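Worksheet: the structure to be examined is printed underneath.
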Amino acid sequence: MRVVLAEDSLLLREGLVRLLGEAGADVVDAVGDGETLVRSVQEHRPDVAIVDVRMPPTFTDEGLRAALSARSAVPGTGVLVLSQYVEESYAGDLLADGAGGVGYLLKDRVSALADLSDALERVASGGTVLDPEVVAQLFARRRRDPLQTLTAREREVLALMAEGRTNVAIARLLVVTQGAVEKHISSILTKLDLPPSDDDHRRVLAVLAWLRAEH
């Protein structure tokens, strides 16, 4: 898998290059700012662009904006955001174009090679990956809690849906049948007035849209 990495910290960038190599990725370029990232993606056409959210010059959302610009220039490029922070707006912006092949992971979790490799594969194949902590904090930041309408098991299923898990994966993690998961998802979508869909990415978009909506 070919990867372009954008990280402004030289030490962290070098560490990530080594880590990505151990996870089975071929880092074809590693850059330190958003503008260079866009040029690099256009030149190398990687499977996935991995980018820090906060980069020079203002250290706000340059990395994310550059990644979205790069994917606009080279459609089909997967985008995996690595961040020290959970920002609901960043996660929403990342998923807003509906193109798939996106991920949002916290930096302190990428040291697990198996998890990093799995995330890269899922993003490269057009899937969606959200760090469980991102999902948990998105739930926690709701000013009012529409989750009160859901059962405890439905909340578990919804959180796993928001991570981008398939029905098969949810069934395996919760030790239930796939049919039981399908029933839970149908109930969740009905209670939250969300249209059902078999597409994992659309399900994550629906969950995030609901999280960001005013109730």
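The values are calculated or read from the model by the stated rules, or taken from the named source; none is laboratory data. Please read all numbers here as calculations on a predicted model, not as lab measurements. Every residue, glycine among them, receives a Cβ derived from its backbone with ideal geometry; neighbour counts consider all protein chains shown. These accessible areas exclude ligands, DNA and RNA; they are computed on the full protein's heavy atoms, side chains included. Shrake-Rupley method; radii C 1.70, N 1.55, O 1.52, S 1.80 Å.
In table form, for the structure just shown:
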| quantity | calculated |
| --- | --- |
| Options Gly32, Gly63, Gly21, Gly76; residue that is modelled with pLDDT under 90, farther than 17 Å from Tyr104 by Cβ and not hydroxyl-bearing (Ser, Thr, Tyr) | Gly76 |
| Of residues in the stretch 13-44 being without any contact (Cβ under 8 Å) to a residue 24 or more places away in the chain and of a type outside the set (D, E, K, R), the one nearest to Ser72 (Cα to Cα) | Val17 |
| Count of residues meeting criterion [open to solvent by 50 Å² or more (accessible area, probe 1.4 Å), among the charged types (D, E, K, R) and in a helix (DSSP H, G or I)] in the stretch 1-14 | 1 |
| The one condition in (1) open to solvent by less than 10 Å² (accessible area, probe 1.4 Å); (2) over 20 Å from the mean Cα position of the chain (by Cα) that Val51 fails to fulfil | (2) |
| Enumeration of residues in the stretch 84-128 that are out of contact with any His (no Cβ under 8 Å at 6 or more places or on another chain), closer than 17 Å to Ala169 by Cα and either at pLDDT below 70 or open to solvent by 10 Å² or more (accessible area, probe 1.4 Å) (or both) | Ala114, Asp115, Ser117, Asp118, Glu121, Arg122, Ser125 |
| Unmet requirement for Asp145, which otherwise passes all of (1) touching a helix residue (DSSP H, G or I) at 6+ places or on another chain (Cβ under 9 Å); (2) more than 27 Å from Leu82 (Cβ to Cβ); (3) at pLDDT 75 or above; (4) open to solvent by 40 Å² or more (accessible area, probe 1.4 Å) | (3) |
| Check on Ala70, surrounded by 22 or more Cβ atoms within 10 Å (Cβ to Cβ), touching a Leu at 6+ places or on another chain (Cβ under 7 Å) and modelled with pLDDT of 85 or more | yes |
| Test: residue in the stretch 15-32 that is of a type outside the set (A, V, I, L, M), surrounded by fewer than 24 Cβ atoms within 10 Å (Cβ to Cβ), part of a strand (DSSP E or B) and in contact with an Asp or Glu (Cβ under 7 Å, 6 or more places away or on another chain) | no |
| Residue match in the stretch 155-175 (condition: at pLDDT 90 or above, in a loop (DSSP other than H, G, I, E, B), out of contact with any helix residue (DSSP H, G or I) (no Cβ under 8 Å at 6 or more places or on another chain) and surrounded by fewer than 19 Cβ atoms within 10 Å (Cβ to Cβ)) | yes |
